[in-house]
Amino acid sequence: MEQLLQQLVNGITVGSVYALVALGYTMVYGILRLINFAHGEMFMLGSYFALTLIVSTRVGVLQLVPNVLLGLLLVFLFSMGLVSTVGVVVERVAYRPLRRSTRLAPIVSALGASLFIQNAVMLTYGTQYQVFPEGLLPTTVWRVFGVEVTLMRVIVLAISLGLMAALYAFVQKTPLGTAIRATALDHDAARLMGIDVDRIILTVFLIGPALGAAGGIMVGLYYRQINFTMGWTYGLKAFTAAIMGGIGNIPGAMVGGLLLGILETLGAGYISTGWKDAFAFVILIAILILRPTGLLGERVAEKT
Amino acid sequence: MALLEVEDLHIYYGNVHALKGISLDVGEGEIVTLLGANGAGKSTTLRAISGLVKPRSGNISYRGGSLNEIPAHEIVRHGISQAPEGRRLFSTLTVDENLTLGAYVRLRDKASVEDSRKRVFDLFPRLLERRNQLAGTLSGGEQQMLAIGRALMAAPQLLLLDEPSLGLAPILVKSIFAKIREINEQGVTIVLVEQNARAALKLAHRAYVLETGRISLSGSAQELLKDERVRKAYLGEK
């Protein structure tokens, strides 16, 4: 029983990161019907930017700011902002010129952008693993009902659930959020309302990469080792989560991410660790066969 | 001076020459209807006025200024709104959210937006009952009310209505057309695209008949109701 609870807590932690990254895929798909294959790189860039801010300068952010949590907050804000900028540039350079072309062209362009960013990071930082410094945060551990909960884990959960709640409130309650949902349904009808569709696309390419970056920073802080290929592995998982929840559906991405994290951890814990990554795709295939639109995806009909 | 003036408008979809030199004008306070068969270019004309398609040549002017270079999302700000063909409601959004989006360009002016919302509910009390329902779950008639109501939320001076009677039972058509007259009497100029020529001509002041991208006939609605060619081709008489 305790073991099961422990696995669940682990699963939710990993899953909440998948969910954050999945949101970027799903929001861009919702508006542009485009799979942004460069999105995994936003996750990776977030991690590298954060690492750079923390260690590579003589005086990292954490040395300048006395309070560790405040320092980390600054690291998050800076890195997310930088990655948002990259996201907007990628949209301008790789996607906007192809807005009116066939659907295949922007996908190829997305893969190109992904390769470009990966190689740029590899050339800058080298091919070896980069390591976050040890002991950034106190290794406080709480025991709740026999389950070990580390401070780091609490932070990861708090940040990702907090960001998701904020995004949900933004999309549901604000005029700009409502305009995003409307644009996802019908571009021309949105234009008739006076919604500037280009501005909506820009907004989505600010939010998605920022959330992806947050995921990347947390993975860096949590596992401490990062590599320029990490965007591919995590991106694929998050993409799976987005499909599971029903791509284009924002709550779907959240549910899909959490579910994927939990199932994967349970599979690794009770069946075999070696097959951990395979579980994700077995689940994906099962869902695609049983429910091709994803768990919450019935609303997203293909536009004709 | 006319409120809206369209001069020699040419529009292409790819290689298809959809509008071949349409000219028309709409005066302040009028109801002008565009009649014609499917594919004659009625909806394209409305889409052009709203800026969703841009003309290859010709000019659309509104209150003396050209709309040609103004993007679609800016045109609403000039006081032109449209209830488009097929209604194009945001089906997974609530009735209230659809109405709010209709007023998207003037949401800062909260009091005036709520005033418009109240007027829409006065005009279509059914929408008030269903305000928290998803637009996609409304009946056909209610959806049409919402499409018109959403367009009214922009507080337009010029309202473009594309086939408001489409798919509605005759009794509903009658009630929708009565509402259109009411809206016009409140001072809104209306361009009405219709398949239901008889109902449209009874409502409108003037009419244009379109055939394959050109205007073949125009005149006052009364004249056209009596016109031999209109009676044969569009009113189903022999």
Revision key, fill the gap. Once amide hydrogens are built 1.01 Å from N within the peptide plane, the residues lying 5 or more places from A:L34 or on another chain with amide H under 5 Å from its amide H are A:Y29
Review point. For the peptides B:68-75, B:33-40, A:97-104, what is the packing order when you average, over each peptide's residues, the other Cβ atoms within 10 Å and list the highest mean first?
Key: B:33-40, B:68-75, A:97-104
Practice item. Translational diffusion coefficient, Stokes-Einstein: compute it for chain B using the Kirkwood radius over C-alpha pairs as Rh, at 4 °C and 1.567 mPa s, and state it as an integer in µm² s⁻¹. Key: 72
Review point. To the nearest 20 debye, what is the magnitude of the charge dipole of region B:80-155 about its Cα centre, counting +1 on the Cβ of each Lys and Arg and -1 on the Cβ of each Asp and Glu?
Key: 100
**Study point:** Simple Cβ-charge dipole of the protein assembly as shown, Lys/Arg +1 and Asp/Glu -1, about Cα centre, in debye nearest 20
**Key:** 320
Review point. Given 10 Å bins starting at zero, what is the percent of C-alpha pairs of the protein assembly as shown in each, up to the one with the largest pair distance?
Key: 4, 16, 23, 20, 15, 11, 7, 3, 1, 0
Check your understanding: Sequence-distant or interchain residues sharing an amide H contact under 5 Å with A:L296, placed H: which?
Key -> A:G246
Review point. How do B:150-162, A:283-295, A:201-213 rank on mean C-beta neighbours within 10 Å, highest first?
Key: A:201-213, B:150-162, A:283-295
**Study point:** Rounded to 5, percent antiparallel among DSSP beta bridges of the protein assembly as shown
**Key:** 60
Revision key, fill the gap. Placing one equal point scatterer on each C-alpha of region B:37-131 and summing with Debye, one gets log10 I(q)/I(0) at q = 0.15, 0.25 Å⁻¹ equal to -0.74, -1.29
Review point. Based solely on its DSSP helices, what 222 nm [θ] is calculated for the protein assembly as shown when runs of n ≥ 4 H residues each add -39,500 (n - 2.57) and the sum is averaged over all residues, nearest 500 deg cm²/dmol?
Key: -17500 deg cm²/dmol
Study note, to complete from the structure: P(r) of region B:112-207 over all Cα-Cα pairs, 10 Å bins starting at 0, rounded to whole percent, reads 15, 51, 30, 4
Practice item. Mind putting a number on the dipole of chain B about its Cα centre? Charges go on the C-beta only, +1 for Lys and Arg and -1 for Asp and Glu, and I need it in Debye to the nearest 20. Key: 400
Check your understanding: ³J(HN,Hα) across region A:264-274 via Karplus (A = 6.51, B = -1.76, C = 1.60, θ = phi - 60°), whole Hz, x for Gly/Pro?
Key -> 5, 5, 4, x, 5, x, 9, 10, 6, 5, x
Revision key, fill the gap. Along principal axes, largest first, the alpha-carbon spread of chain A in whole Å comes out as 55, 47, 37
Point to revise | Counted charge near B:G213, where neighbours are those whose Cβ lies closer than 13 Å (Asp, Glu -1; Lys, Arg +1) | key: +2
Study note, to complete from the structure: Pseudo-spin-label distance A:M122 to A:L151, built 7 Å along Cα→Cβ, given in nm, is 3.7
Check your understanding: Does anyone have the angle between helix B:170-185 and the longest principal axis of chain B? Alpha-carbon axes, 0 to 90°, nearest 10?
Key -> 90
Check your understanding: Listed highest first by mean packing, meaning other Cβ atoms within 10 Å per residue, what order do A:247-258, A:177-188, B:83-94, A:13-24 come in?
Key -> A:13-24, A:247-258, A:177-188, B:83-94
**Study point:** Residue pairs, from the table B:K202/B:K226; A:K237/A:K276; B:K179/B:K232, whose Cα atoms sit over 18 Å apart
**Key:** B:K179/B:K232
Exercise for review: Bin all alpha-carbon pair distances of region A:5-102 at 10 Å intervals from 0 and give each bin's fraction as a whole percent.
Suggested key: 14, 34, 30, 18, 4, 0
**Study point:** Residue-by-residue Karplus 3J(HN,Hα) for region B:140-151, coefficients 6.51, -1.76, 1.60, Hz, glycine and proline x
**Key:** x, x, 5, 4, 5, 4, 5, 4, 5, x, 4, 5
Practice item. Please name which of A:L32, B:A169, B:L99 has its Cα lying farthest along the dipole of the protein assembly as shown towards the positive end, using unit charges on Cβ (Lys, Arg +1; Asp, Glu -1) and the Cα centre as origin. Key: B:A169
Point to revise | For B:Q82, residues with placed amide H under 5 Å, excluding near neighbours | key: B:L160
Study note, to complete from the structure: Using the Cα gyration tensor of region B:80-155, the equivalent ellipsoid's semi-axes, largest first and to the nearest Å, work out to 18, 13, 11
Review point. Out of B:G14, B:G58, B:P71, whose Cα points farthest toward the positive end of the dipole of region B:1-123 (charges: +1 Lys, Arg; -1 Asp, Glu; placed on Cβ)?
Key: B:G14
Review point. Using the alpha-carbon centroid of each, what span in Å lies between region A:84-149 and region B:160-216?
Key: 54
Review point. If you wrap a convex hull around the C-alpha atoms of region A:223-304 and split its volume per residue, what is the figure in Å³?
Key: 112
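FYI, it's all coordinate maths here, none of it is from the lab. What you see is a predicted model; the values in this text were computed from it and never measured. A quick note on method: Cβ atoms are made from the backbone with ideal geometry, for glycine too, and the neighbour counts reach across all protein chains shown.
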